[in-house]
Every structure is written in C-alpha cells, then in structure tokens.
Amino acid sequence: MIEDDKKPIRVLVNAPLGMDGITSMMVNIQTHIDRTKVNFDYLVIHDEKEPMEDRVLALGSRKMVASTDKVPSKILRRLARINEIRKVCKDNNIKIMHYNSDNASDVSNIVGARLGGVKYITIHSHNSWYGRSGMGTILASIILKPFMSCLCNTFWGCSESAARFLFPKSIIKSGNYQVIPNGIDLDKFDYDPEARMKIRQKLGIDGKFVIGHAGRFSQQKNHSFLIDVFKEVHSKDRNTVLLLFGEGELEDDIKNKVNSLNLSDSVRFCGTSTDMNLMYDAMDIFVLPSLFEGLPVVGVEAQASGLKCIFSDNITKEVDINGNNIFLSLDLPEDKWAEKILESKDTERKSGRTALSNAGYDINHTAEVVSEFYSKLSYVLQ
C-alpha cells in the first residue's frame, strides 16, 4: 500500500538539465501541473552542475545521476549505463518513468530501468530521423526497436512523424500511440510591440533587420549552413544581424567560421537565455535549417510571437501551425535561402497565440493531459 496518500506521484524523467528543448518542455509542464499530486525527478547521465538544476530542485525535484563518463569506450559506456540506470532506479525505488527518446537505441537504457524495478514506462519520441548518428547507433536501433513494445507501456510522440520514426510497426498499425503537442506558455510568448522596442534598443539592433535562431550547437541544427546563408543575406543587405541562441560542442567551430568570413560584427553569439520570449520579440524572422527534428519547440515559440519562420524541409510540416511559414530544401544554394529571407522583410507581425491555442499548443492543456495521465497510475505504486 502507499505509505502516505498525500505524497505526490513521482515520475522519473530522463533529461539533461541544460537549456535544451526537451528539458525546457518538461520543466514547463512541471511548472503548470499541481505538484502536490504529480511531480518529476530528473535522470541525467553526466555528473556535473547544469543550468536548470537549481530551478528543478526548487520545484521539488530530485536529481539522479547515472554517469559512465569515466568509461573510455563508447560501446562499453552504453553497456555500463544499463547497470548505472538499474542502480539509480533500484536505490530510489522508482516505479514510473517518462523516457524522452531520440532513437530506438535508447531501449538499452529502458532495459536498465526495468531491471531496477520500474513498473511503468512512457516513451516519448522527439526526433524524426537519425541525422548524422553513427552506424553503431543506427544498428543498435534496428536491433532493439522490436523490444520496445514489450518494455514500454505508453507511446507518445511530439509529432506524427516523430512517432512513426521511433515506434515499432505493430504500435503504429494498431494506433496504440498518441501525439502530445509541445505546449508552451502562450501568455509568456505572445508578441509585445512595446517589449520589442525596448529589447532592440538594449541589444543595440534598433533599425536592423534581425534574423534569429535558437538551438544547440550540434550537427543536427546545421549552423555552418546557416552562417553561409547569412553571408549571402549580409552581402545583399548590410543592415542585417544574425542572433544565435544556444551552446554546444560546435560553438567554437562556428565562431571560427564567422571570424574567417569577416562577419563578427553582424553575428551575435548570445548563449542561453531565460528571456527567450523577449528575444523573439526582438527578431524579424526565425530560421531553422535543421538536418532533422521531431517537432521543434523553438519553432512553436517563434510562431507564438508572431514571427515568420523559414524551416528546412527535413522538419515535419506539422510545425507549420499558423500557415505563415516557408519550407526550403537544404539542396538549394545559400543565395536562394537568402532571397527568401529578405523577401520576408515586410511581413506583418501579429500575435500567433490564437492559432496555437486552437491547435492544442497551450501548455495548460499539455500539463493537464500529462498530470491526469500520471495521476491515474497510483496503482503502480502499490
């Protein structure tokens, strides 16, 4: 029996505590649920202090570490992590897990959770392709995907394409999955003309045509291509600025490229920001040339702020919520991307909250769905 009915149902969420999209989404949900009924703990794989750590601890979360950083081989790290996750789940008596997944190789980590005593697992798909994952990851995914249906209880996707990419054919054919939109705080991200004026003055970009991008500096986000596109934009219109938000392993490489192209005065590396709503207000257009995505939260946020977005056509069309966006092939030359960006200079800016609310992207709706779902799992704890 449950020792104390007043204690919240605790759900272990795997998510790094950096400023990435998946973590931001889960913390956003956590902020909007009744945490006396359901609350999240976080499983991380690196033993280090991360930007979102203090925030989730303040929300009543626990941080649980399953690190294999000292294991030299990538293959051995994957195997060792199974045991580390097993120990974390067993030592903390974890019964419910929400597993955010990019590809089916993650099934090995789910095996660790099951061995550690986890009784109920929701797997939540956030990507629609392997991108530049190595052959080892792809091979592991092919081998492990069939086991997903017997190891997981519930199947959620951030988009239809993300669900179809990750889940076994048996799950897709049976319709035994659900698309849960990446809800955001529509009040927070609603377009504010007054805030736009103030933040542009503060950033020293008043009167500029501002191109924005937010994403981790990784191969997936395709920053190198974006810099080439901006070079073409800037050659056609010197009154342009590119704002880049995010951190990551390729940041120094991109900075070096910007320097080599003599674009340092026009490309701003802004790091992570807790005020992205204001940063979207400051932009004139949002560009996301990713190699692959599930359904990018930043694309939803940008549209809530009334921004026109230009996406690569590798990104699911489901992200086109307000019908005001452009999808371009990465096979097109950079100058064609530049033309489309500059053609959008006179696009009327208005709030996108109504369209997003009607499409189910209100965080209050998402939080209600998640909270009600886990509230019903009290029997798992008995």
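Side notes on the structure shown:
- Charging the Cβ of each Asp and Glu at -1 and of each Lys and Arg at +1, and nothing else, the dipole of the chain about its Cα centre rounds to 1200 debye.
- Counting only Cα atoms, region 84-178 measures 36, 30, 19 Å along its principal axes, largest extent leading.
- log10 of Debye I(q)/I(0), alpha-carbon scatterers only, for region 186-358 at 0.11, 0.12, 0.14, 0.17 Å⁻¹: -0.40, -0.49, -0.68, -1.05
- The separation of region 190-244 from region 42-98, counted between C-alpha centres, amounts to 35 Å.
- Reachable aspartates and glutamates from Lys236, criterion Cα separation under 15 angstrom, eight or more residues apart if same chain: Asp228, Glu334, Asp335, Glu339, Glu343
- Residue pairs, from the table Lys198/Lys308; Lys221/Lys257; Lys145/Lys308, whose Cα atoms sit over 26 Å apart: Lys145/Lys308
- Partners for Lys169 among aspartates and glutamates (Cα-Cα distance below 15 Å; same-chain residues under 8 apart left out): Glu160
- 3J(HN,Hα) along region 127-141: 9, 10, 6, 6, x, 9, 4, x, 4, x, 5, 5, 5, 4, 5 Hz, from the Karplus curve 6.51 cos²θ - 1.76 cosθ + 1.60 with θ = phi - 60°, whole Hz, x for Gly and Pro.
- Selection among Phe147, Asn103, Ser128 by position relative to the dipole of region 47-150 gives Phe147 as farthest towards the positive end (Cβ unit charges, Cα centre).
- Entry for P(r) over Cα pairs in 20 Å bins from 0, in percent (calculated from the structure that is shown) out of (1) 27, 57, 16, 0; (2) 22, 43, 28, 7, 0; (3) 23, 37, 25, 13, 1: (1)
- Close amide-amide hydrogen proximity is noted between Gln178 and Phe155, Trp156, Gly157, each under 5 Å apart and 5 or more residues distant or on a separate chain (H modeled in the peptide plane; Pro and chain starts excluded).
- Considering only Val267, Gly299, Ile326, and ranking their Cα positions along the charge dipole of region 186-358 that arises from unit charges at the beta-carbon of Lys, Arg, Asp and Glu, the one farthest toward the positive end is Val267.
- Each peptide in 109-120, 17-28 receives the mean, over its residues, of other Cβ atoms within 10 Å, and ordering these scores from highest gives 17-28, 109-120.
- Count of lysine pairs in region 316-377 with Cα separation under 23 Å (8 or more residues apart, or interchain): 6
- Taking the Cα centre of region 186-358 as origin and assigning +1 to Lys and Arg Cβ atoms and -1 to Asp and Glu Cβ atoms, the resulting dipole is close to 380 debye.
Since every read-out is calculated from the coordinates, none of them should be taken as a lab result. What you see is a predicted model, and the numbers here were worked out from it, not measured in a lab. Please note: Cβ atoms are built from the backbone with ideal geometry, for glycine as well, and neighbour counts cover all protein chains shown.
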